[in-house]
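*Asks:* Here it is, the structure, as structure tokens.
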Amino acid sequence: MKKIYILLLSVLCFGGVREANAINLNFTKNPQTEIRNLLKDHNKAIQEHKLKDIKIYYDKNYKSADGFNFDDLTAMLEKTYNAYGNIKYKTKINNITAFDNWALAQMSDKSIAKIYTDKKKTKEKMGVLEGTSSYVVYLKNTPEGWKIISDEILMEETSLKYGIANKIDMDLVTPAFVKNGEEYDLSLKMNKPDDIIALASITREEVTYPPVDTQEKFRKFPSEGELERLVKANDKNLDEYAIASVGFTKISFNEQEAKARIEVLGMAYIMKRINNESVIIDKNKKTEKK
């Protein structure tokens, strides 16, 4: 898994519509009710890490708004499960709309996991992963039943904190949308104790799979204010992630030995999604032409 580039694409799926006969007339259940029930069943499969059971819910031509196919999705889920074996999701169905042979569901979820860096699972060396996201799932009613044909992430934010980082408030400030090739500002705000030194890096990465490594440049976090960086958006109609990496240390001096001791107290990684406004504008133009 590349650095701490967190692969949490939380996708929920739907199954087919069941039929019942009454007085020789075909009767179909309310699609919203069936979809809601199937969402709950599929979420259970996600919770139990049953990757083999997920495929039946997807159309063979499935492709996400980020350009990922089903093989990419399962690869990311598998990496997530391997890295965070105890990850749990809490999913909320906000709205379901069905019309003719099409449907969409607006979803939101929260994820949490604990990572231990030692076999004893001591609290001091525990990492806490927390994530929130909002997304839309698009479906089509096929001869085999309802199938997911695409999905689109509207908002996504994930953090992974170790040690003292769990007690420090941090906020990665980003724009919600950017245009192709546009310069934009990223800033990291935090409230840390004065005797703790923080070294931080802020970068941007395009949403692609497999992800591409970017070079990190760490700087000392200022005693007052915030750490800022001006970056330039890609010109490929791709969404992006803003990522902040922070290391916390404390320096003590042994007068008898005339030596300085550097103690690592914690680390933090924060990831926030930035959507490409150019893609939305292009979609609206195509809709207006129709």
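The values are calculated or read from the model by the stated rules, or taken from the named source; none is laboratory data. Predicted, not measured: the structure shown is a model, and the values here were computed from it. Note: ideal-geometry Cβ built from the backbone for every residue, glycine included; neighbour counts use all protein chains shown. Note: accessible area is taken over every heavy atom of the protein model, side chains too, but ligands, DNA and RNA are not part of it. Shrake-Rupley method; radii C 1.70, N 1.55, O 1.52, S 1.80 Å.
*Asks:* Are any of the residues in the stretch 204-226 open to solvent by less than 60 Å² (accessible area, probe 1.4 Å), among the basic types (Lys, Arg) and either in a strand (DSSP E or B) or touching a helix residue (DSSP H, G or I) at 6+ places or on another chain (Cβ under 6 Å) (or both)?
*Replies:* So far as the stretch 204-226 goes, yes, one or more of its residues are open to solvent by less than 60 Å² (accessible area, probe 1.4 Å), among the basic types (Lys, Arg) and either in a strand (DSSP E or B) or touching a helix residue (DSSP H, G or I) at 6+ places or on another chain (Cβ under 6 Å) (or both).
*Asks:* For the stretch 83-93: of the residues being in contact (Cβ under 8 Å) with a residue 40 or more places away in the chain and either outside any loop (DSSP other than H, G, I, E, B) or over 26 Å from Ile35 (Cα atoms) (or both), which is most open to solvent (accessible area, probe 1.4 Å)? Steps first, answer last, please.
*Replies:* Our first condition is that a residue be in contact (Cβ under 8 Å) with a residue 40 or more places away in the chain; within the stretch 83-93, this holds for 83-84, 87-89, 91, 93.
Next, only the ones that are either outside any loop (DSSP other than H, G, I, E, B) or over 26 Å from Ile35 (Cα atoms) (or both) stay: 83-84, 88-89, 91, 93.
Values: Ala83: 43, Tyr84: 8, Lys88: 112, Tyr89: 22, Thr91: 42, Ile93: 34 Å².
For the stretch 83-93, the residue satisfying everything is Lys88.
*Asks:* Inspect the stretch 162-174 for any residue being of a type outside the set (Ser, Thr, Tyr), part of a loop (DSSP other than H, G, I, E, B) and in contact (Cβ under 8 Å) with a residue 60 or more places away in the chain and give the result as yes or no. Before you say what the answer is, go through the steps one by one.
*Replies:* First pass over the stretch 162-174, keeping only residues of a type outside the set (Ser, Thr, Tyr): 163-173.
Still in the running and part of a loop (DSSP other than H, G, I, E, B): 168.
Among the residues that remain, those that are also in contact (Cβ under 8 Å) with a residue 60 or more places away in the chain are: 168.
For the stretch 162-174, residues of a type outside the set (Ser, Thr, Tyr), part of a loop (DSSP other than H, G, I, E, B) and in contact (Cβ under 8 Å) with a residue 60 or more places away in the chain: present.
*Asks:* Every residue in the stretch 82-121 that is modelled with pLDDT of 90 or more and more than 17 Å from the chain's Cα centre (by Cα), please.
*Replies:* Ile93, Asn94, Asn95, Ile96, Thr97, Ala98, Trp102, Ala103, Leu104, Ala105
*Asks:* Go over the candidates Thr142, Thr74 one by one and state the one that is in contact with a helix residue (DSSP H, G or I) (Cβ under 9 Å, 6 or more places away or on another chain), closer than 19 Å to Asp41 by Cβ and polar (S, T, N, Q). Please lay out each step first, then the result.
*Replies:* Details: Thr142 fails: in contact with a helix residue (DSSP H, G or I) (Cβ under 9 Å, 6 or more places away or on another chain).
Exactly one of Thr142, Thr74 is in contact with a helix residue (DSSP H, G or I) (Cβ under 9 Å, 6 or more places away or on another chain), closer than 19 Å to Asp41 by Cβ and polar (S, T, N, Q), namely Thr74.
*Asks:* Filter the stretch 43-81 down to the residues that are at pLDDT 85 or above, out of contact with any Ser or Thr (no Cβ under 7 Å at 6 or more places or on another chain) and open to solvent by 80 Å² or more (accessible area, probe 1.4 Å) and list them by number.
*Replies:* Selection gives Glu48, Lys50, Lys52, Lys60, Asn61, Asp71, Glu78, Lys79.
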